[in-house]
Protein chains: 2
Amino acid sequence: MQHRYQILRPDWVVTVNSDFEVLQDFSVVVEDNQILSLVSDDEIADLPFYSEAEIFSLPGCALTPGLINSHTHASMSLFRGIADDLPLMEWLSDHIWPAEAKWVSPEFVIDGFKLAAAEMIRSGTTCLNDMYFFPDEVAACAQQIGIRSVVGLIVLDFPSIWAQNADEYLHKALAVHDEIREYSLVSSAFAPHAPYTVSDEPLRQIAMYSNELDVPVHIHVHETAAEVAEAQQKNGLRPLHRLDQLNLLNSNLIAVHMTELDQFEIERIAEVGVNVVHCPESNLKLGSGICPVANLLENGVNLCLGTDGAASNDDLDLFGEMRTAALLAKGSSANASACKVRQVIEMATINAARALGMADRIGSIEPGKCADLIAINLNSLNTQPLYDPVAQIVYAASSRQVSHVWIDGVIQLQDYELCHLDSQEIIARARSWGQKIKNRS
Amino acid sequence: MQHRYQILRPDWVVTVNSDFEVLQDFSVVVEDNQILSLVSDDEIADLPFYSEAEIFSLPGCALTPGLINSHTHASMSLFRGIADDLPLMEWLSDHIWPAEAKWVSPEFVIDGFKLAAAEMIRSGTTCLNDMYFFPDEVAACAQQIGIRSVVGLIVLDFPSIWAQNADEYLHKALAVHDEIREYSLVSSAFAPHAPYTVSDEPLRQIAMYSNELDVPVHIHVHETAAEVAEAQQKNGLRPLHRLDQLNLLNSNLIAVHMTELDQFEIERIAEVGVNVVHCPESNLKLGSGICPVANLLENGVNLCLGTDGAASNDDLDLFGEMRTAALLAKGSSANASACKVRQVIEMATINAARALGMADRIGSIEPGKCADLIAINLNSLNTQPLYDPVAQIVYAASSRQVSHVWIDGVIQLQDYELCHLDSQEIIARARSWGQKIKNRS
C-alpha cells in the first residue's frame, strides 16, 4: 500500500514528552495516521519521500499535541446559556433536568454533538471524554465527523429517555460497548452519573465489568460540599469512601470535579492511581467549590482538565480552561508558583491520555503515536513579544489562534477553517433548536 | 458646519442605561463624535439625513458601550511573559524592576503603548486608565492613535528614569496635567504608585491637588496580605486607614486590587464613595489574594475591572477579565448568584466611567454621550444557540468576536481589522524589543 506523508514545519514543537522538550527548527513527519519522526530542518529535504509529501509551512506557530477534554456533555451545547447565575442543584432541578426530559432525542443529541465537535476542533481539541444519553448515536456521529471520542455509557437509578432502570442502563451500556468495538476513533467508558444518582448494586457491577474489560469508569464525584454532607448523613460514608468499598478506587477511575477532599482522600487517590478531572470554570460558575489542584499536583495525582458541558461553562474552550486552571490554582493556594505552565499543558494532553488508557497512542508528539496535532499561531498582537512559547500558549493565547488541527492524520482545520464540517449548517440547526426551546420551555 | 452621520444597525443594543435596557430592532445614530439617538428600525428611514448617513449593517451583533480598562500599565506589554509562575514581590524585585531600570525609555513606552492600544482596540476596549513612566509621551501617543485614555501622573519616593524624588515627580505631574489639558481624548489622574512606595508628605499634597483640581487619584492598595501586615508593623496602621488620615478616601480615589479588606473597611469605602478596581487575573496569577467582589457589590461599592499590565495577566482582554470576574466572585463566595452578568458588564463600562469622572460622557449608549461603541458578532459556533445576548457576551464570547469599534465617533476596527494602526509594523517593533531584552537581560 502507498503511504501518504505530511510534513509539518512550525517554529516550535512542544513535544510534551517525558522531558517536556520544546524543539526549535524541527519538522514533524506524519505517515498516514501516525507520527513517523521529528526531523531537524537541516535534514528534512533528505527524506526519501520528501518530494511526494504534503508540506505545511507554519511560520510563527507552535505545534502541540491535540488537546483532550476529559469531561464534557457535548450535546448539551444546545442548552448553552439556558439558565445562568444559579447554584448547582437549582440549576439542575429547575432548568437542566426538565429541559432534558422535554427535548433530548437522538436528533437533539446529534445536532448538539456536531455543534460541540465543530467548536472543539475550531479551538484545538482533538479528543473528548463525553457523558450523555444515546452514546450509540454520539459514537456513530463522532466516528463519522472524525473527532476522537470516548463515549460514556451512562448509568442512573432513575428512568430517562435512554433507559428505565439501572439494569436496562447496564444492559445498553454493554451493548453499546460491543457495538462500537470496531470504530477506529471511538471507544467507551462506563459512566455512572454520580454516587448520589447510582446505588450500590449497579456500581458494584460496573466495578466488575471495568476490571474485566479494562474500561475506564467516568463519574462525577465530590462536586460540592453539600453532596458530601448529604451522603454522610444518608450512608454514614463520604462518597469516595463508599466508592472505595465498592472496588472503584483504582487507575480506571476518572473522578470528575473533586472539590471537596481531605488529606486522607488525596493520599488515598494518589496511592491507587485515581485520575482526577478538574473543571475550574464550571465549578466556579455553579459556586460548587474549588478543586485543590496545588495539593493534588504535589501528591502526584494524575490531573486532567474538562470544560464540563457548555450549559455550565459556557464554552468548550480548553485554552480558557488551561488558563483558568493555572490562575485559580495559584490564587486559591496563595502560591504563584503552583500549577506551572508545563503542568497545565500536561493536564490537557498526556495526563488525559493516561486517564483514558490511551497514553500509548495520544497525548504527546512522539514517533509511533497517532497524529493528533494542533498548530497555534503566536504571531498575534496579544502573543508578542515572545519570551517563551509555552507560557504564551497558557497565559496569553486565544483558541482563535489555532490555525491547523489534525486528528488521526486527517486535517480537520486548515488556515482557521473547518475542513469537513459545515459551520453555517451547524449554526442554523443550533439556532433552530434554540428558538424551539426558548419558545416552549 | 456639515455634520457627519453614521447609523449602526445591530440585532441588539445593550444600552447599559440605568434600567439596563437591551433593545431589539433599534439602530444607534451617531452625529459626529456623539450618540444622537436610538431609533427603532421602523422609523430609521424617515430620518432627514438618512440618505447621506453611512450605514453599518451588523447582523447577529450586539452593540455595547466600549469597554473601559480601569487599571493597566499599557507599555509593559513589551514585558509580557518575561517571568511567570512567581510571587508578586519576587516577580517585581528580581524581574520587573530590573528590566524597567534597564529598558524603559520614551521609545520603549511608545512602542509598548502602541502594542497595547492595538490589542485593546482589537478586543473591544475604547478607554484605559493607565499608570506608567513618561505619561507625557503616553498622552501624546494615545491622542494621536485616537484611544481614550487617562494617563497616570506617576509619583514615587525613589528615583527612576522619570524623576529623582517625590518633589520632582509631583512637579512633573502638575506640568503634564497642564500640558495635556487641550487633548480631546486624554486626561490625567494622579498616580502615587502604592502606600508602601510613597510617603505621607507627597500623598498629602496629592490629596490637596486632587481635591482642588477634581482629578482622580489612581493607586495600588491592599494588593496582598503581606503589604497590609508590613504596613501595620511599620506605621501601626493598615494602609487604607493611613490613606483615610491623609484625606485620600473619597470618590476621587481609584483603589486598585483591594484583596485584603475587613468589614469595617468595606463599609467605610462604600460610605465615602471610593472606587475599587478588581484585577482578577493579575491577582490570581501573582497569588496576591482575591478581592471580595460579592461583598463589595452587596455593599454598593462602585466596582470596576482592570487587566493590570500584560506582564502579569498576560493579555489586555476585558472579555476574559469580565468572565473571570463573574466566575471567581461566584466560586470564592460559594454563591452562584453573586456577580450577575449585568453587574459585570457595568463594571467594565458605566462603573468605570463613574470612577474616572466621565459618566456624563462615556460608559453607556445614551443620547449625548460620546460614540465609544463596539459591535460583538454572536453568530459564532461558541455563542450559539442564543438564549440571552448579555449572558452570551460574558460567559461564551471571545474578544475575537468584536467586529467593529468606534471611539469618539471614529471607526477604529472594521470587520475585525484595525483601521488606523499597522499591526504588522507594531508586531515587528515588539518582536525587535523582545529579542533585545531576551538577549541582554
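The values are calculated or read from the model by the stated rules, or taken from the named source; none is laboratory data. Since this is a predicted model, take the numbers as computed values, not measurements. Backbone-built Cβ (ideal geometry, glycine too); neighbour counts: all protein chains shown. Heads up: the accessible areas ignore ligands, DNA and RNA and are worked out on the full protein's heavy atoms, side chains in. Shrake-Rupley method; radii C 1.70, N 1.55, O 1.52, S 1.80 Å.
In table form, for the structure just shown:
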item	result
Per-region count, region B:400-437, residues open to solvent by less than 10 Å² (accessible area, probe 1.4 Å), touching a helix residue (DSSP H, G or I) at 6+ places or on another chain (Cβ under 6 Å) and not aliphatic (A, V, I, L, M)	1
Residue match in region B:332-343 (condition: away from every other protein chain (no Cβ under 11 Å), out of contact with any Asp or Glu (no Cβ under 6 Å at 6 or more places or on another chain) and not acidic (Asp, Glu))	no
Any hit, region B:383-391, residues being more than 7 Å from chain A (Cβ to nearest Cβ), polar (S, T, N, Q) and over 30 Å from residue A:436 (Cβ atoms)	no
Meets criteria (more than 9 Å from every other protein chain (Cβ to nearest Cβ), at pLDDT 95 or above and closer than 28 Å to residue A:284 by Cβ) for residue B:378	yes
Set B:250, B:235: member being among the polar types (S, T, N, Q) and modelled with pLDDT under 95	B:235
Condition met for residue A:90 (charged (D, E, K, R) and either outside the structural domain of residue A:278 (by TED's automatic domain parsing) or in contact (Cβ under 8 Å) with a residue 60 or more places away in the chain (or both))	no
Residue match in region A:417-425 (condition: of a type in the set (S, T, N, Q) and more than 17 Å from the chain's Cα centre (by Cα))	yes
Region A:166-185: number of residues that are basic (Lys, Arg) and surrounded by 15 or more Cβ atoms within 10 Å (Cβ to Cβ)	1
Among the residues listed as B:163, B:142, B:74, B:117, the single one being over 30 Å from residue B:419 (Cα atoms) and either at pLDDT 95 or above or crowded, with 24+ Cβ neighbours inside 10 Å (or both)	B:163
In region A:406-426, the residues that are within 14 Å of chain B (Cβ to nearest Cβ) and either under 28 Å from residue B:435 (Cα atoms) or not small (Gly, Ala, Ser) (or both)	A:412, A:413, A:416, A:417, A:418, A:421, A:422, A:424, A:425, A:426
Test for residue A:24: is it at pLDDT 95 or above, under 24 Å from residue A:391 (Cα atoms) and either assigned by TED's automatic domain parsing to the domain that holds residue A:285 or open to solvent by 20 Å² or more (accessible area, probe 1.4 Å) (or both)	yes
2 or more residues within 14 Å of chain A (Cβ to nearest Cβ) and more than 30 Å from residue B:367 (Cβ to Cβ): qualifying helices (runs of 4 or more DSSP H) within region B:49-164	B:97-103, B:106-122
